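Data block below; observations after.
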Amino acid sequence: MKIGIPKESLDGETRVATTPDVAKKLVTGGLTVLMEKGAGEGSHFPDSAYQEVGVELTDRTGAFACDIVTKVRKPTLDEAAMINEGAILIGYAETCDEDPVIAALHARNITFLAMERIPRISRAQSMDALSSQSNIAGYRAVIEAAQHFGRFVPLMMTSAGSAKPARVVILGAGVAGLQAIATARRLGGDVYAYDVRPETQEQIASLGAKVIELDIGEGGAGEGGYARELSDEGKAKQQALLADELAKAHIIVSTALIPCKPAPVLVTEDVVKRMREGSVIIDLAAATGGNCPLTEKDKVVNKHGVILVGHTNYPAMMPSDASAFYAKNVANLIEIMLDKSGDTIALKDLDEDEITQAAQLKPTA
Ligand SMILES: NC(=O)c1ccc[n+]([C@@H]2O[C@H](COP(=O)([O-])OP(=O)(O)OC[C@H]3O[C@@H](n4cnc5c(N)ncnc54)[C@H](O)[C@@H]3O)[C@@H](O)[C@H]2O)c1
């Protein structure tokens, strides 16, 4: 069975779907791994490192013409056309709806296993790329904040005077948010955090941050560990109650997300106006509209003296670790897809396992 690793073509995407370490395990497990030349370069994995573990280097066409094609980003229409009819594609779908690329894949009977659809259940934890990549984003977001902030994050006492620790507020305490809290604490910030799901309060406190508690008059917990969308009244109350806490912050890292919905607005323009000059907002939700309406996607802008950072691909800024984690997630998924009991490796019925069943993008009727 052939596994293909094409080079990512999206601008700024430095990750690769399989690293030499993971490729070695796939090859040892009896699979033939074909990689487009140079696919690992952006993540600092040279072709030679793949060749050493038995990966065959090929051209673009060869990497797409495999039984299972592994990618990070959703293919373009041209790339989708290069995948064999009836093959399997593993990668991010980056949409909740059927779009032209996904329709083109379905039209040619290509099974698309979307990494963001891996259910967040215990057995699937080792395949959970949303978590592995958000963890990296949470860490990198705080590093980015520290870089843009013109002051110290920790308490500093020197002969030339002292600096108080920066007041850091993390909004949304899911995977990215909890890692952002941990990283901001390690940097010595005075860290506060808020999430609409009450069960996060214990997690926030266990990381040594102070919990911001708000009474918005309705519950925010939804299904599967995610939040639910608040009523218009709830949203307005949340913004109003958060305002004083946010206005005092030097650094805000916002990560609030509700799957397949626009990002909830938590940091209003009025709050930005009230923040001190030189404060920093890292808006991790920039791709889905931003938790602050002033955020500009993939740009760093200065609004009312506050620096707003809207990068949408933090994992690509740490491509070696991001690829290593992603590659392990993908390889663990491939492992449960294969039946190795016979003389040859066969593909299992993907509808028989709840993980591969949930990850499949089915054609809309
Ligand atoms: N910019 C990047 O490079 C990058 C990379 C990875 C993830 N992300 C983004 O980071 C965000 C977080 O990802 P994640 O994996 O941690 O998601 P997650 O689902 O684990 O966490 C999101 C958290 O937001 C909370 N939330 C939702 N609505 C809220 C509200 N109104 N008020 C307060 N909290 C609210 C949820 O309860 C949840 O805990 C997402 O927007 C994701 O797309 C960005």
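Before moving on, here are some points about what is shown:
- The residues of region 269-298 that are crowded, with 23+ Cβ neighbours inside 10 Å and on the phi > 0 side of the Ramachandran plot amount to a single one, Gly290.
- Top-ranked residue in region 211-227 [being of a type in the set (Val, Ile, Thr) and either in contact with a strand residue (DSSP E or B) (Cβ under 6 Å, 6 or more places away or on another chain) or modelled with pLDDT of 95 or more (or both); ranked as surrounded by the fewest Cβ atoms within 10 Å (Cβ to Cβ)]: Val211
- Qualifying positions in region 255-286 - of a type in the set (A, V, I, L, M) and assigned to a loop (DSSP other than H, G, I, E, B): Ala256, Leu257, Ile258, Ala263, Val265, Leu266, Val267, Met275, Leu284, Ala285
- Options Asp47, Asp11: the member that is farther than 19 Å from Ile90 by Cα and touching a strand residue (DSSP E or B) at 6+ places or on another chain (Cβ under 9 Å): Asp47
- Considering residues of region 184-210 that are within 12 Å of the ligand (Cβ to nearest atom) and among the hydrophobic types (A, V, I, L, M, F, W, C) only, the residue surrounded by the most Cβ atoms within 10 Å (Cβ to Cβ): Ala193
Let's see how each residue does on (1) without any contact (Cβ under 8 Å) to a residue 40 or more places away in the chain; (2) away from the ligand (no atom under 13 Å from the Cβ); (3) within 22 Å of the chain's Cα centre (by Cα):
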| residue | (1), (2), (3) |
| --- | --- |
| Glu79 | no, yes, no |
| Ala87 | yes, yes, no |
| Asp99 | yes, yes, yes |
| Ala104 | yes, yes, no |
| Thr111 | no, yes, no |
| Ile121 | no, yes, yes |
| Ala124 | no, yes, yes |
| Ala129 | no, no, yes |
| Asn135 | no, no, yes |
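- Region 137-175, subset part of a helix (DSSP H, G or I) and either without any contact (Cβ under 8 Å) to a residue 12 or more places away in the chain or more than 8 Å from the ligand (Cβ to nearest atom) (or both), residue farthest from Ser279 (Cα to Cα): Tyr139
- Condition broken by Gly289, with the remaining ones in (1) within 12 Å of the ligand (Cβ to nearest atom); (2) closer than 27 Å to Pro165 by Cβ satisfied: (2)
- In region 299-328, the residues that are free of Cβ contacts under 8 Å to residues at least 24 places away in the same chain and either of a type in the set (S, T, N, Q) or in a loop (DSSP other than H, G, I, E, B) (or both): Lys299, Asn302
The values are calculated or read from the model by the stated rules, or taken from the named source; none is laboratory data. Computed from a predicted structure; not experimentally measured. All Cβ positions, glycine included, derive from the backbone under ideal geometry; neighbour counts span all protein chains shown.
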